[in-house]
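FYI, it's all coordinate maths here, none of it is from the lab. For clarity, every value in this text was computed on a predicted model and none was experimentally measured. Reconstructed Cβ throughout: ideal geometry from the backbone, glycine too, with neighbour counts over all protein chains shown.
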C-alpha cells in the first residue's frame, strides 16, 4: 500500500510517500511545498492546494496520514497553520484518500520510541527506517515519519482483525 504522509505548514508543507507491505517499508518519494510569504493568504492556500493535487496525481497513494496541529504562543500563526492543515485535508479527502490523523507525540513515539523526540532525531531515524532515502528537508522527514506511523497503525489494526476472525 502506498501511503502519503503530510506535515502541514503555510510556509512549508512536507510530504513523503512510502510503500508498506506488511512490516516492510520502502521509501518512494519526498519533498517540500513552499508558499511565497509575499502572496496574500488566499493565494498561498490555493498554491498549496494545487501543489498537493499534483503530488497526489503523480504518486497515486492509496491512503494519507496528516499530523495534527499544536497551538503555539502566537494565535495568528496557529490560525494560519490550521488553515494550511485544512487545505491539506481537503486535497487528500477530495482525492478520495482514507486519512489517518496523528498527534505529533504519537508520530515521534512510533519512529523514535519517545514522544519528546527532536526533529534531528526524526531525521536520523529516517536513515535507519528508510535506508538510501535522500530527504528534501526536515518537513519532508516529518512527513515520512507520519506515513510510517500510519503504516504501523494500519498493520496493528489488520493484525487485530485477523486474530479476531481466527477466534470467532
What angle do you read, to the nearest 10 degrees and between 0 and 90, between the alpha-carbon axis of helix 75-94 and the longest principal axis of the chain?
60
Once R0 is set to 22 Å, what does the formula 1/(1 + (r/R0)^6) return for the Cβ-Cβ distance between residue 90 and residue 124, expressed as a FRET efficiency to the nearest 0.05?
0.10
Angle between the chain longest axis and helix 41-59 axis [Cα atoms, degrees, rounded to 10]
30
MRE, 222 nm, helices only [DSSP H, n ≥ 4, -39500 (n - 2.57), over the chain, to nearest 500]:
-17500 deg cm²/dmol
Considering only DSSP beta bridges where both residues belong to region 1-151, give the percentage that are antiparallel (nearest 5).
65
With log10 I(q)/I(0) by the Debye sum over Cα atoms at q = 0.12, 0.13, 0.15 Å⁻¹ in mind, check (i) -0.51, -0.59, -0.78; (ii) -0.57, -0.67, -0.88; (iii) -0.72, -0.84, -1.09 and report the label derived from this structure.
(i)
Which value in nm describes the separation of the simple spin-label points at residue 38 and residue 79, placed 7 Å from the Cα toward the beta carbon?
2.5
Listed highest first by mean packing, meaning other Cβ atoms within 10 Å per residue, what order do 70-77, 128-135, 55-62 come in?
55-62, 128-135, 70-77
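I need the peptides 37-44, 139-146 ranked by packing, meaning the mean over residues of other C-beta atoms within 10 angstrom, with the highest value on top.
Numbers: 37-44: 11.4, 139-146: 29.5.
In descending order of packing, they fall as 139-146, 37-44.
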Longest principal axis of the chain (C-alpha) makes with the long axis of helix 138-167 (C-alpha) an angle, in degrees to the nearest 10, of 30
